[in-house]
Every structure is written in C-alpha cells, then in structure tokens.
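Structure record follows, encoded as structure tokens.
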Amino acid sequence: FPTWAEKPLDERKAVLQKVLERWQEKKAAATEWLIKELGCNVNFASKVQVNMVDMHLGSCLKMVDLIKFEEKMSLGSLVVKEPIGVVGCITPWNYPLNQIACKVFPAMLVGCTVVVKPSEVTPVVAYILTEAIHEAGVPPGVYNMVMGDGPNCGEVIAAHPDVDLVSFTGSTRAGRRISEVAAKTLKGVRTELGGKSAALLLEDADFKKLVPKFVMHLMSNSGQSCNALSRMLVPTSRHAEAIEIAKKVVEGVKVGKSADSKANIGPLASQAQWERVQGYIQTGIKEGANLVAGGPGRPEGLEEGFFVKPTIFADVDNKMTIAQDEIFGP
C-alpha cells in the first residue's frame with residue numbers, strides 16, 4: 001500500500017488509462033461469459049454491461065483532478081485527504097463488471113490498494129477484467145482478487161485486521177453480517193443493500209410515455225437490478241389506465257435465450273433465483289393481489305431453463321409480501 005499511495009497521481013492515472021485500453025480487447029470475451037454465467041441477453045451484455053467499465057473508469061480519470069487533496073480552511077487549518085489503505089470490495093452477480101469497476105478504480109486512483117471478492121456466480125467475467133488489469137502493468141499487490149462464497153471468503157475480508165475499509169453490495173441480510181464482523185476491528189463499512197424503489201406518477205403525468213418507460217426499466221437485466229422500480233404508485237382516478245398500459249407493454253416483452261438478439265430479456269441467473277421469484281409470484285396470488293399479466297411457470301416455448309413470465313400485479317396492498325420484499329425478477 002505505501003508504495004502505490006506515494007506514487008504521483010499522474011503515474012497512477014497513466015497505469016489505469018492502460019487498463020481502460022486493455023479492456024477494449026476483452027469486451028467480446030466478457031460479453032460471451034456474461035451470456036454463459038449470468039444468462040444476460042446478448043444486447044444488454046454488449047451494449048450495457050461491458051461498457052460499465054468504460055463509464056466508471058473513464059469518469060474517474062476525468063474527475064480525479066477536481067479533488068483538492070490539500071485545502072487550507074478559513075481559520076488556517078489544513079485539511080489533507082489521504083488514501084484510507086486496503087479496501088475490501090465484495091461484489092454481486094447481477095452487474096458484475098459495474099460493481100467491481102465502481103468500487104476498485106476510484107480507490108486505486110487515489111492511492112488505495114484493493115482486495116476484490118466477486119460473486120461466485122460470475123467468476124469468469126471478473127477474471128477477464130482482472131486479466132486486463134494485470135496486462136496493463138498494475139504493480140503486484142495493488143489489485144488482488146480472491147474467489148469464494150460470502151460466508152467463507154467475504155467474512156474473512158471483513159474480519160481481517162489489515163483491511164481498512166469494506167465496500168459491500170448485496171442483500172440486507174449479508175450486509176448486516178458484514179457490518180457485525182467488521183465491527184470487531186473498527187474498520188469502515190460502506191454498504192448498498194436491498195431496496196424496494198417505487199415509481200410515483202401524479203395526476204398530471206404523461207402515462208402513455210412514463211408507464212412503458214418504467215415497466216421496461218424494471219424488465220431490463222431480467223428484473224435483476226437493485227435500482228429496479230418494482231412498484232408503481234398512481235392516483236386512484238388513473239389506476240385502470242395504468243393497468244391497461246402496463247399490461248400491453250408486458251405482453252410485448254419477448255423472453256428468449258440469451259444469445260437471441262431479438263429477445264428483450266433472457267433467463268434468470270440460477271435455479272435458486274428462479275425458485276425465489278416463482279415463490280413470490282405464488283405468494284402474490286395467495287395474498288390476493290390481482291394478477292394482470294404473466295404468472296407462475298415458464299413462458300410458452302421455453303419449458304427448460306430459468307425463464308420467468310414478465311409479470312404484473314395490481315391492487316397490491318402495502319402489507320403484502322410482494323409490496324415489501326425485493327423480488328429481483330421481471
């Protein structure tokens with residue numbers, strides 16, 4: 001850590017600029033493995049997922065010069081911003097490249113070293129990015145990657161006395177556990193956990209424009225997004241209109257195999273995720289929500305694989321499970 005932290009900023013920028021250049025040669029392979037590991041639709045993998053590295057690293061390289069690492073305050077004191085040290089980065093499977101890039105590159109750029117534990121669901125995609133980092137000439141020990149599951153590997157990172165900060169993205173349950181383990185060494189913890197974001201449409205909203213936009217935002221990445229607006233709150237007076245538009249949009253969503261460029265979405269990431277989403281659909285029906293479109297089971301013609309029917313519920317009481325829990329499906 002000290003050697004990397006003491007390098008001039010321009011030298012660190014030059015090294016990470018080479019990472020960005022090397023990454024361009026890895027995008028085709030990363031797209032292929034996003035399809036294999038995540039089940040990601042080829043269009044979403046090639047146009048969105050792989051370009052997250054460019055977005056985060058490119059933005060960091062431009063914006064780091066705006067940081068005032070030393071600043072004199074009005075009363076004469078000097079504020080010095082220093083790298084915190086070794087950062088442990090524990091990342092999820094749904095946007096594997098995005099989550100690694102937005103954690104490790106800002107940290108490395110300002111002088112921190114990192115230990116990354118990617119999701120065991122998408123290890124090869126993480127390995128391809130690591131190859132680009134290695135080939136760019138990042139000094140040994142600055143970027144480190146370990147493979148394993150959360151309980152056996154993630155907790156070691158959170159507990160290790162030489163790790164100064166943990167950045168974790170994942171479930172609320174796992175984030176709570178990371179915080180508990182990290183507290184024993186009084187290290188900093190930054191978490192992005194589960195949520196249940198809502199799209200709020202008021203009386204004067206343009207429903208014909210906004211309802212399709214929000215529905216398709218939810219459908220992207222097969223609904224496996226932490227920022228998915230999976231609830232839509234509308235005025236009672238326009239409830240029927242919103243249902244009609246949403247139903248029409250969902251019925252037009254094409255589910256297909258990951259390599260099908262004409263499909264809008266592909267399968268879910270795993271059997272466990274498929275069973276979880278199917279359970280929520282069944283729970284929604286059992287608790288009395290109005291099933292508008294989709295429902296249990298697989299779409300017609302896709303009897304094998306982790307495919308889910310794009311599903312819309314209406315008349316959902318806020319106490320219902322599907323209104324409270326993050327479902328992570330379309």
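The values are calculated or read from the model by the stated rules, or taken from the named source; none is laboratory data. Source: prediction; values computed, not measured. With ideal geometry, Cβ positions are generated from the backbone for all residues, glycine too; neighbour counts draw on all protein chains shown. Each accessible area value is taken on the protein alone, full model and side chains, heavy atoms only, with ligands, DNA and RNA left out. Shrake-Rupley method; radii C 1.70, N 1.55, O 1.52, S 1.80 Å.
Of note:
- Flag for V163 being open to solvent by 10 Å² or more (accessible area, probe 1.4 Å), at pLDDT 95 or above and closer than 30 Å to D65 by Cα: yes
- Check on I100, β-branched (V, I, T) and in a helix (DSSP H, G or I): yes
- Extreme residue, farthest from the chain's Cα centre (by Cα), among residues of segment 254-309 that are open to solvent by 20 Å² or more (accessible area, probe 1.4 Å) and hydroxyl-bearing (S, T, Y): T283
- Count of segment 168-221 residues which are within 27 Å of H239 (Cβ to Cβ), within 15 Å of the chain's Cα centre (by Cα) and at pLDDT 95 or above: 0
- When residues of segment 49-78 are limited to those that are within 15 Å of A107 (Cα to Cα) and of a type in the set (G, A, S), the one surrounded by the fewest Cβ atoms within 10 Å (Cβ to Cβ): S59
- In segment 172-182, the qualifying residues are those that are in contact with a helix residue (DSSP H, G or I) (Cβ under 9 Å, 6 or more places away or on another chain) and without any contact (Cβ under 8 Å) to a residue 40 or more places away in the chain, and the one that is surrounded by the fewest Cβ atoms within 10 Å (Cβ to Cβ) is E180.
- Contacts under 6 angstrom Cβ, first residue in segment 8-27 being on the phi < 0 side of the Ramachandran plot, partner basic (K, R), 6 or more apart: none
Each row is one residue, and each column tells you yes or no for (1) within 17 Å of V50 (Cβ to Cβ); (2) open to solvent by 50 Å² or more (accessible area, probe 1.4 Å); (3) of a type in the set (D, E).
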{"residue": "I84", "(1), (2), (3)": "no, yes, no"}
{"residue": "I90", "(1), (2), (3)": "no, no, no"}
{"residue": "L97", "(1), (2), (3)": "yes, no, no"}
{"residue": "I100", "(1), (2), (3)": "yes, no, no"}
{"residue": "K117", "(1), (2), (3)": "no, no, no"}
{"residue": "Y127", "(1), (2), (3)": "yes, yes, no"}
{"residue": "T130", "(1), (2), (3)": "yes, no, no"}
{"residue": "G141", "(1), (2), (3)": "no, no, no"}
{"residue": "M147", "(1), (2), (3)": "no, yes, no"}
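- Subset of segment 63-86 (residues that are more than 21 Å from V142 (Cα to Cα), basic (K, R) and within 33 Å of the chain's Cα centre (by Cα)): K68
- Restricted to segment 1-41, and to residues there that are of a type in the set (D, E), part of a helix (DSSP H, G or I) and over 16 Å from P140 (Cα atoms), the residue that is least open to solvent (accessible area, probe 1.4 Å) is E37.
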